[in-house]
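The values are calculated or read from the model by the stated rules, or taken from the named source; none is laboratory data. If you're wondering where the values come from, they're calculated on a predicted model, not measured in any experiment. All Cβ positions, even for glycine, are placed from backbone atoms using ideal geometry, and neighbour counts span all protein chains on display. Please note that ligands, DNA and RNA were not included when accessible areas were found on the heavy atoms of the full protein model with its side chains. Shrake-Rupley method; radii C 1.70, N 1.55, O 1.52, S 1.80 Å.
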Amino acid sequence: MAKPLDNTLEAFQNIEDAISDIRSQKNVMTNPAMISDYDKILAYLEKASDDLINAIVIFRRHEGSL
């Protein structure tokens, strides 16, 4: 069974990969409405990434007790 920290690190990496992929796709889009929606998606994912970083910091502080 994976540790919660490992799962959190994996989730963080997955979100970072998604952000990178979405940015790449957005660069070739021409539909303004779709670009706007992708900007919103990126904002949500970046917020989630920031929250996961905070969770990782807390996990690492208590890593010995996990």
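Checking each residue of the stretch 4-23 against the condition of being at pLDDT below 95, closer than 30 Å to His62 by Cα and in contact with an Asp or Glu (Cβ under 8 Å, 6 or more places away or on another chain) gives at least one match.
Counting only residues that are open to solvent by 60 Å² or more (accessible area, probe 1.4 Å), of a type outside the set (Ser, Thr, Tyr) and free of Cβ contacts under 8 Å to residues at least 40 places away in the same chain, the stretch 44-58 holds 7 of them.
For beta carbons closer than 7 Å, sequence separation of 6+ or different chains, a first residue in the stretch 17-40 that is free of Cβ contacts under 8 Å to residues at least 60 places away in the same chain and a second that is open to solvent by 60 Å² or more (accessible area, probe 1.4 Å), the qualifying pairs are Ile19/Glu46; Ile22/Ile41.
Residue-by-condition table, conditions (1) open to solvent by 60 Å² or more (accessible area, probe 1.4 Å); (2) acidic (Asp, Glu):
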site: Asp6; (1), (2): yes, yes
site: Ala11; (1), (2): no, no
site: Glu16; (1), (2): yes, yes
site: Ile19; (1), (2): no, no
site: Asn27; (1), (2): yes, no
site: Asn31; (1), (2): yes, no
site: Ile35; (1), (2): no, no
site: Asp39; (1), (2): yes, yes
site: Leu42; (1), (2): no, no
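Residues in the stretch 1-60 that are part of a helix (DSSP H, G or I) and polar (S, T, N, Q): Asn7, Thr8, Gln13, Asn14, Ser20, Ser24, Gln25, Ser36, Ser49, Asn54.
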